[in-house]
Amino acid sequence: MEKPRRKIGIFGGSFNPVHNGHLSLAEAICRSGAVDEVWLTLSPQNPFKRSKTLAADRHRLAMLRLAAHGVEGVDVCDVELSLPRPSYTINTLTHLSRQFPDVEFKLIIGADNYVVFDRWYEHERLVAEYGLIVYPRRGFALPESAEGVVFVDAPLFDVSSTQIREAIACGAGFEAMLPCGVADYIKQNKLYGYGRE
């Protein structure tokens with residue numbers, strides 16, 4: 001009898017910075033049984049769309065690794081940093097599938113992205129070959145079912161990376177919103193305007 005393939009959910013983002021909401025969401029999706037593991041997959045800095053608030057790839061990757069350390073079922077994937085850009089999701093999943101032929105990959109997105117998913121590059125192929133796991137976002141209604149899509153019940157978080165960056169720049173009460181080690185990393189490296197007069 002053939003051994004069932006491991007299911008891994010790819011949860012991509014800029015993680016600028018990674019926060020407790022990201023981590024809790026990844027853990028909730030693991031607990032739902034939709035996948036065996038969730039890989040937090042860092043999206044690289046877009047050279048055509050530079051943002052003054054986007055920390056360097058190496059810093060965001062280091063913070064992701066700190067956040068995921070010791071968290072059961074959650075790991076970090078840096079594959080997009082070495083792929084040709086722009087890094088389309090279908091290319092990322094195709095590359096990973098070739099690299100790990102014994103794994104069944106799934107794409108994790110929020111309800112906000114699902115409602116505009118038809119604008120994604122090769123969106124039909126993404127659903128047909130990999131399938132989607134969609135988590136709720138406040139203010140975005142979802143259908144009860146859709147072919148190739150699993151809708152998971154996951155907690156809603158009102159915290160955003162933008163709000164956290166603003167709090168860091170002000171030096172006010174951001175530590176509790178960040179996973180263990182991430183706040184210290186931001187302070188040590190003076191990211192997001194921390195310590196600026």
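In the condition set (1) touching a helix residue (DSSP H, G or I) at 6+ places or on another chain (Cβ under 8 Å); (2) under 19 Å from Phe11 (Cβ atoms), Phe151 is compliant with all but (1). Just a yes or no: is a residue in the stretch 115-129 within 27 Å of Phe140 (Cα to Cα), at pLDDT 95 or above and within 13 Å of the chain's Cα centre (by Cα)? Scanning the stretch 115-129 turns up no residue that is within 27 Å of Phe140 (Cα to Cα), at pLDDT 95 or above and within 13 Å of the chain's Cα centre (by Cα).
Can we say Arg85 is modelled with pLDDT under 95, farther than 21 Å from Ser32 by Cβ and out of contact with any Lys or Arg (no Cβ under 8 Å at 6 or more places or on another chain)? Yes: the conditions hold for Arg85.
Among the conditions (1) within 30 Å of Val115 (Cβ to Cβ); (2) surrounded by fewer than 19 Cβ atoms within 10 Å (Cβ to Cβ), the only one that Lys187 does not satisfy is (1).
For the stretch 97-105, the count of residues that are farther than 30 Å from Gln188 by Cα, polar (S, T, N, Q) and in contact with a Leu (Cβ under 9 Å, 6 or more places away or on another chain) is zero. If you scan the stretch 140-181, which residues turn out to be closer than 24 Å to Val35 by Cβ, over 16 Å from the mean Cα position of the chain (by Cα) and not in a loop (DSSP other than H, G, I, E, B)? Residues satisfying the conditions are Ala146, Val149, Val150, Phe151. For Leu61, state whether it is touching a residue at least 24 places away in the same chain (Cβ under 8 Å) and at negative phi. No: the conditions fail for Leu61. Kindly indicate the residue of the stretch 36-56 that is over 14 Å from the mean Cα position of the chain (by Cα) and surrounded by 13 or more Cβ atoms within 10 Å (Cβ to Cβ) and also modelled with the highest pLDDT among those meeting that condition. The selected residue is Asp36.
Going through the stretch 155-179 one residue at a time, which ones are hydrophobic (A, V, I, L, M, F, W, C) and modelled with pLDDT under 90? Leu156, Phe157, Val159, Ala172 - these are the residues of the stretch 155-179 that are hydrophobic (A, V, I, L, M, F, W, C) and modelled with pLDDT under 90.
The values are calculated or read from the model by the stated rules, or taken from the named source; none is laboratory data. This structure is a prediction, so every number in the text was calculated from the model and none was measured. In this analysis, Cβ positions are derived from the backbone assuming ideal geometry, glycine residues included, and neighbour counts consider all displayed protein chains.
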